[in-house]
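Any read-out appearing in this document is the output of simple, stated calculations on the displayed coordinates, not a laboratory observation. It should be emphasised that the depicted structure is a prediction, and the values quoted were computed from it without experimental measurement. Every residue, glycine as well, gets a Cβ built from its backbone with ideal geometry; the counts of neighbours run over all protein chains shown.
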Amino acid sequence: MCRTPVLCVDTTAYDPFVDTENPKKSAVFFCDSWYLSHSVFWESLALKNDLPDENFIDIVSYLKNKGTATLRNSSNALSEKVETLFRQIGGLDGQGKENHGMVIEMAFVQIVALINKFMSAWKKNLPKDRYQQILRSTIDKTLKLILSDTLAIQDISAKHSTCLSNNFSLLLDQLSKVRSDDLEEDSDSWVRFKLVIGLMDDSLVKIVEGWENGTLSKYFRSSEIQHLVRALFQNTDKNAALRRRITGDVL
């Protein structure tokens, strides 16, 4: 007798799409969907003489896609929350803003706590490779968001430069604890962020040397470094001459 009910899997019994901000639910649903898809596939092979060819293929793909989409939506929900927290800072420029360093620090603390909450649930419930993929993607998106704002600042005083450098260092230190030993290699975004921290404290001469020896040109466009230099240093003839040496993109 054909046991066709094996194909009647109702993945809407608990629909995680209504709660994509719950990392544990999204992870469990992802794993359940993939487990069911493999079970359906092997059951279908055993019953291949009794089942229409297209039936089990469709349900296997549906289950995998449903699980993957749910996890992706949950990951996107995390990134959106991180961006919301960051936007509440009101920009990193610090112009005319009292206690701005403290505001940035508190936002970074909240961002790391949020990421850690999601990652703790995903690490316990997802396959290692899938967890590492989401961890890397989330950290990259976070750092790119902050870098984009940093490289658009028009003017950075010496005091504010120190403030940003300290807060950026704090952020990287806390994110290092979140990623622990799960990511062995630094991504380009991670390296760029570390380099920007150094640039906040470097002299213009050292920045130009870093560009010319390839340390910076490997990770930045010349326009990005030139803009940051204009924000950090006064526009004197000497500085303008040094800035003109930052040219020729490798990227």
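Worth a mention:
- Sorted on the mean count of surrounding Cβ atoms within 10 Å across their residues, most packed first, peptides 142-151, 83-92 read 142-151, 83-92.
- Over all other residues within a Cβ to Cβ distance under 13 Å of Leu199, the charged ones net out to 0, with Lys and Arg as +1 and Asp and Glu as -1.
- Here the range 165-251 is treated as a Stokes sphere of Kirkwood radius computed over C-alpha pairs; at 20 °C and 1.002 mPa s its diffusion coefficient rounds to 153 µm²/s.
- Structure note, pairs Lys128/Lys177; Lys123/Lys218; Lys25/Lys128; Lys97/Lys238; Lys66/Lys123: Cα-Cα distances above 27 angstrom occur for Lys123/Lys218; Lys97/Lys238.
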